[in-house]
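Below: the structure, in C-alpha cells.
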Amino acid sequence: MNASENKKKSAALLGLAFDGEEGHTRITRGKNFLLWGGSQETHAFMQETAIKINERLDRQGKRLEDCSIRELRDICREVIDSIGGRPAE
C-alpha cells in the first residue's frame, strides 16, 4: 500500500454568494460545508440546502466523500426542489 492509498478521503461543500450588498459578511461552517457571503435570504437558502444534503446522506448511511458526483448532483437537485428552488432575486 502506497502513501496515497493510505490517505483518508475527505470532502466538503463550498457555497459562495455575491448578492449581499448591505455590508454584512455572512459565514457559516457546518458538518462538511462552508458558506460565505450572500444576502440574508441567499445565505439562509445555502444553509438550508447544505443541512438537508447532510441529513439525506445521514439517512442513507453515507458520507459526502463516498458519494459519486452524479449521486451528489441528484441529491442536490432533490433537496433544492423540496425547498422550493432558488431564493427570490
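Results, tabulated for the structure shown:
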{"read-out": "Anchor LYS8: aspartates and glutamates whose Cα lies under 15 Å away (excluding residues fewer than 8 positions away in-chain)", "value": "GLU65, ASP66"}
{"read-out": "Rounded accessible area per residue of the chain, 1.4 Å, Å²", "value": "73"}
{"read-out": "Candidate lysines for bridging to LYS52, where Cα separation is under 16 Å - those fewer than 8 sequence places away on the same chain excluded", "value": "LYS31, LYS62"}
{"read-out": "Relative contact order computed over the chain (Cα-Cα under 8 Å; 6+ residues apart), in percent", "value": "24"}
{"read-out": "Nearest-ten-degree value, helix 40-60 long axis tilted from longest Cα axis of the chain", "value": "30"}
{"read-out": "Rounded percent of accessible protein surface that carbon and sulfur make up, the chain, 1.4 Å probe", "value": "49"}
{"read-out": "With all protein chains modelled, accessible area of ASP81 [1.4 Å, Å²]", "value": "110"}
{"read-out": "Crossing angle, helix 69-82 versus the chain [Cα axis fit, 0-90 degrees, rounded to tens]", "value": "30"}
{"read-out": "Within the chain, longest stretch free of exposed trypsin sites (Lys or Arg not before Pro) [DSSP loop, at most 16 other beta carbons within 10 Å]", "value": "32-61"}
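The values are calculated or read from the model by the stated rules, or taken from the named source; none is laboratory data. Just so it is clear, the structure is predicted and the values come from calculations on it, not from any experiment. With ideal geometry, Cβ positions are generated from the backbone for all residues, glycine too; neighbour counts draw on all protein chains shown. Protein only, heavy atoms only, side chains kept; ligands, DNA and RNA dropped before computing areas. Shrake-Rupley method; radii C 1.70, N 1.55, O 1.52, S 1.80 Å.
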